[in-house]
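Single-structure report; data block below.
The values are calculated or read from the model by the stated rules, or taken from the named source; none is laboratory data. These numbers come from a predicted model, not from an experiment. Cβ sites come from the backbone with ideal geometry, for glycine too, and all protein chains shown count toward neighbours.
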Amino acid sequence: MSEILKLNSLEKRFGSNMALHNVNLSIESGKIVGLLGPNGSGKTTLLKIANGLLQPTSGEILIGGEKPGVETKSMVSYLPERTYINNWMRAKDLLDFFGDFYADFDRSKAVDMLSSLGIEPNTKLKEMSKGTKEKVQLVLVMSRQAKLYLLDEPIGGVDPAARDYILNTIISNYNENSTVIISTHLIQDVEKLFDEVIFLSKGEVLFHDSVDNVREKNGKSIDQLFREVFKC
């Protein structure tokens, strides 16, 4: 398989704070990868660098063999941790916006997903709950035909009843040759999706391995191992 994301000795500082330190990763296409770690471990920083929102202090990052820039924007579909859409817009306006901005946006797929979630396209964002807004953002992100999906806490703000649908949305709406990286604290709900996991701690990679290898070596679920490694 081809390599979609490669990080070589990547570091990111914010003043005196080292957010990422000597990160070396190689992620192949066709994988669903869990990016796991406690708050402050560097997960969001790593995803922002991969999306081109932050520049590394040193080291190298390659997406599909390219440095982050104009070329990689068409490869990456990014779901940020926080809601970014404007409250005055309707869901329909966002479909128009994404359709104009991204050549790979599949509007019919987005409409189908909104319908399945019971979201009316003419509803204004200011009339939606926080969880519903997050569902709309996920629909927009997963309706692109990207090579790399970066999802920062995709189910953090939704009710448990909607989580299974959202997880099924993720797994059924990405190309099998694409890669999905999911940062989440709700590991028990999501680990069934993962092919591989990355454990981050204080900006450093503790390990990166397949889920099967991790379970075989440790005799534990990913959630159990996470609780053990990062216990207070």
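Side notes on the structure shown:
- Considering residues of region 105-119 that are part of a loop (DSSP other than H, G, I, E, B) and more than 11 Å from residue 140 (Cα to Cα) only, the residue nearest to the chain's Cα centre (by Cα): 117
- Entry remark, region 125-135: residues being over 20 Å from the mean Cα position of the chain (by Cα) and surrounded by 15 or more Cβ atoms within 10 Å (Cβ to Cβ) number 2 in total.
- Some residue of region 87-102 being modelled with pLDDT under 90, within 15 Å of the chain's Cα centre (by Cα) and not small (Gly, Ala, Ser): no
- Subset of region 29-86 [within 27 Å of residue 129 (Cα to Cα), without any contact (Cβ under 8 Å) to a residue 60 or more places away in the chain and of a type in the set (Lys, Arg)]: 48, 82
- Selection count, region 152-191, where residues are among the hydroxyl-bearing types (Ser, Thr, Tyr), modelled with pLDDT of 80 or more and either under 24 Å from residue 2 (Cα atoms) or over 14 Å from the mean Cα position of the chain (by Cα) (or both): 3
- Identification of helices (runs of 4 or more DSSP H) wholly contained in region 182-232 with 3 or more residues that are more than 20 Å from residue 46 (Cα to Cα) and in contact with a Lys or Arg (Cβ under 9 Å, 6 or more places away or on another chain) yields 222-229.
- Residue count for region 12-25 under the criterion of being surrounded by fewer than 16 Cβ atoms within 10 Å (Cβ to Cβ) and either in contact (Cβ under 8 Å) with a residue 40 or more places away in the chain or not hydroxyl-bearing (Ser, Thr, Tyr) (or both): the result is 6.
- Filter result for residue 27 (in a strand (DSSP E or B) and touching a helix residue (DSSP H, G or I) at 6+ places or on another chain (Cβ under 9 Å)): no
- Within region 93-120, the residues that satisfy the criterion of being more than 27 Å from residue 5 (Cα to Cα), buried (at least 16 other Cβ atoms within 10 Å of the Cβ) and free of Cβ contacts under 8 Å to residues at least 40 places away in the same chain are 93, 111, 114, 119.
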